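Reviewing the structure listed below.
The values are calculated or read from the model by the stated rules, or taken from the named source; none is laboratory data. Everything quoted here is computed from the prediction, not taken from an experiment. Cβ placement follows ideal geometry from the backbone for every residue including glycine, while neighbour counts extend to all protein chains displayed.
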Amino acid sequence: MASEPIAPSGGDTWRPAATIKELGRRRKLRVEIDDTAIALFAAGDRIYAFADLCVHQDRSLVKGTILHGRVICPGHQWQFDLETGYEADQDLCQPTYDVRLDGDTIYVNLAARAAAPGDQRKIS
């Protein structure tokens, strides 16, 4: 997918990552945006974006499992919260990114974020 920047609000730069169709039935997809590996996950009616490589051992999180609101790393089974990126039993946090939907297109803001309520991740 082309990486045309858009600035929907506040001067943040958003990049198109994929479409809902590309995310597909597997409900997870690895994409490259400006040389950054991003793991997209769909859980329930929401979409989440993580840095794809686990902070623990550089394993691809998109190869992991989504279970009970967490992404489970295929390396040592660290369980990162989908909302925050935190791993309850560790001091490290997996970087996450804001997600925005415009029609069928999933946009990701490449600035790593802190968890914020009311973001625009909901699939309509």
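Worth a mention:
- All positions within the stretch 58-69 that are outside any strand (DSSP E or B) and among the β-branched types (Val, Ile, Thr): 62
- Against the conditions (1) at pLDDT 90 or above; (2) within 11 Å of the chain's Cα centre (by Cα), residue 112 satisfies every one except (1).
For every residue, the table says whether it meets (1) assigned to a loop (DSSP other than H, G, I, E, B); (2) more than 26 Å from residue 104 (Cβ to Cβ); (3) of a type outside the set (A, V, I, L, M, F, W, C); (4) touching a helix residue (DSSP H, G or I) at 6+ places or on another chain (Cβ under 7 Å).
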position	(1), (2), (3), (4)
30	no, no, yes, yes
40	no, no, no, yes
50	no, no, no, yes
56	yes, yes, yes, no
71	no, no, no, yes
75	yes, yes, yes, no
80	no, yes, no, no
83	yes, no, yes, no
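- Considering residues of the stretch 57-105 that are β-branched (Val, Ile, Thr) and touching a Gly at 6+ places or on another chain (Cβ under 6 Å) only, the residue farthest from residue 18 (Cα to Cα): 72
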